[in-house]
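The values are calculated or read from the model by the stated rules, or taken from the named source; none is laboratory data. If you're wondering where the values come from, they're calculated on a predicted model, not measured in any experiment. Neighbour counts run over all protein chains shown; Cβ positions are idealised from the backbone, glycine included. Please note that ligands, DNA and RNA were not included when accessible areas were found on the heavy atoms of the full protein model with its side chains. Shrake-Rupley method; radii C 1.70, N 1.55, O 1.52, S 1.80 Å.
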Amino acid sequence: MTNKYMYFIANWKMFGGLNSLNSLHKVNKFLKTSKKKSTKIIYCPPSTLIRPMSKKLKKSSIEVGAQNCHEHETYGAFTGSINSLMLKNVGAKYVIIGHSENRQAGETDKLINLKIKSALKSGLKVIFCIGETFKQKRKRRTKQVLNKQIKLGLNKINNYKKILIAYEPVWSIGTGLIPKSNELFQTINSIKKIKRNFKVLYGGSVNPKNINELKSINNIDGFLIGGASQDPNKFIDIIKKTYN
Ligand code: PGA
């Protein structure tokens, strides 16, 4: 049971069309009846759905975020790209930056740093993802890897209040595996030691079955949820169980 302010962020990845917006109704209704002031729900759909989703959620306390942005702050000749200001202008309040799926596709710490700076400048809050691979974990390099990602990703940035850290071990995303509770507690603690006021979320295979175990780790400030967030029943179940 927790009374803490908790974030529940839905990362829809490259899933969802206009029909998927119907599922928001259920979550909205649940949120109204639960009257939990300590719950913050943020949906990060594909960019094509940001505008219609924010319109649909106009009267709701659920907020909308994007899943990535280009680092360039103004308009430019970058075919296929969208910058943070464009996302803000269609209703996004947050943006996920540094997700391991993008790091694996070649996104460097330096690029992530530029993206975070541009997002903050545009007035977006940032969900900054960090995480170690299984190989790095096996070599006991988790702390070192995370420290480096934070140091380089947040280089010359002081606006920590606008940044949520999402700790997502790469080996746990979409695999059904989660870290052992004591390991996760220690990792989150070591991230919070870098800056005391960091809010740190956990992400990677969060689902209605493992949420009881995850919620007992009392230094977690919320969850970044991929697969399970596409099903409103599972998403609601995760939120309910976090508080029970
Ligand atoms: P998952 O994804 O919950 O499907 O593991 C989490 C994420 O990639 O943000």
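Just a few scattered comments:
- Flag for ILE116 being assigned to a helix (DSSP H, G or I), open to solvent by less than 80 Å² (accessible area, probe 1.4 Å), touching a helix residue (DSSP H, G or I) at 6+ places or on another chain (Cβ under 8 Å) and within 16 Å of the ligand (Cβ to nearest atom): no
- When residues of segment 59-102 are limited to those that are of a type in the set (Lys, Arg) and free of Cβ contacts under 8 Å to residues at least 40 places away in the same chain, the one most open to solvent (accessible area, probe 1.4 Å): LYS59
- Scanning segment 150-190 for residues that are open to solvent by less than 30 Å² (accessible area, probe 1.4 Å), in a helix (DSSP H, G or I) and of a type outside the set (Val, Ile, Thr) yields GLY153, SER172, LEU184, SER190.
- Here VAL27 fulfils each of the conditions (1) open to solvent by less than 30 Å² (accessible area, probe 1.4 Å); (2) in contact (Cβ under 8 Å) with a residue 40 or more places away in the chain; (3) within 16 Å of the ligand (Cβ to nearest atom) apart from (3).
- Test: residue in segment 97-104 that is out of contact with any Lys or Arg (no Cβ under 7 Å at 6 or more places or on another chain) and of a type in the set (A, V, I, L, M, F, W, C): no
- Yes/no for LYS193 being of a type outside the set (A, V, I, L, M) and over 22 Å from ALA119 (Cα atoms): yes
- Output for segment 119-138, where each listed residue is surrounded by fewer than 19 Cβ atoms within 10 Å (Cβ to Cβ), within 16 Å of the ligand (Cβ to nearest atom) and part of a loop (DSSP other than H, G, I, E, B): THR133
- Evaluated against (1) within 23 Å of LYS234 (Cα to Cα); (2) within 20 Å of the chain's Cα centre (by Cα), LYS36 falls short on exactly one condition, (2).
- Neighbours by Cβ (under 7 Å, 6+ apart or cross-chain): first from segment 157-171, among the hydroxyl-bearing types (Ser, Thr, Tyr); second assigned to a loop (DSSP other than H, G, I, E, B): TYR160/LYS195; TYR160/ASN197; TYR160/PHE198; TYR167/GLY131
- The one condition in (1) farther than 25 Å from LEU152 by Cα; (2) without any contact (Cβ under 8 Å) to a residue 60 or more places away in the chain; (3) of a type outside the set (A, V, I, L, M) that SER20 fails to fulfil: (2)
- Of all residues in segment 31-46 being at pLDDT below 95 and in contact with a Lys or Arg (Cβ under 8 Å, 6 or more places away or on another chain), the one that is farthest from ILE225 (Cα to Cα): SER34
- Residue match in segment 191-205 (condition: of a type in the set (A, V, I, L, M, F, W, C), modelled with pLDDT of 95 or more and away from the ligand (no atom under 16 Å from the Cβ)): yes
- Residues of segment 206-229 classified as in a loop (DSSP other than H, G, I, E, B), within 14 Å of the ligand (Cβ to nearest atom) and of a type outside the set (S, T, N, Q), total: 4
- The set of residues from segment 139-149 being over 18 Å from PHE185 (Cα atoms) and surrounded by fewer than 19 Cβ atoms within 10 Å (Cβ to Cβ) comprises LYS139, LYS148.
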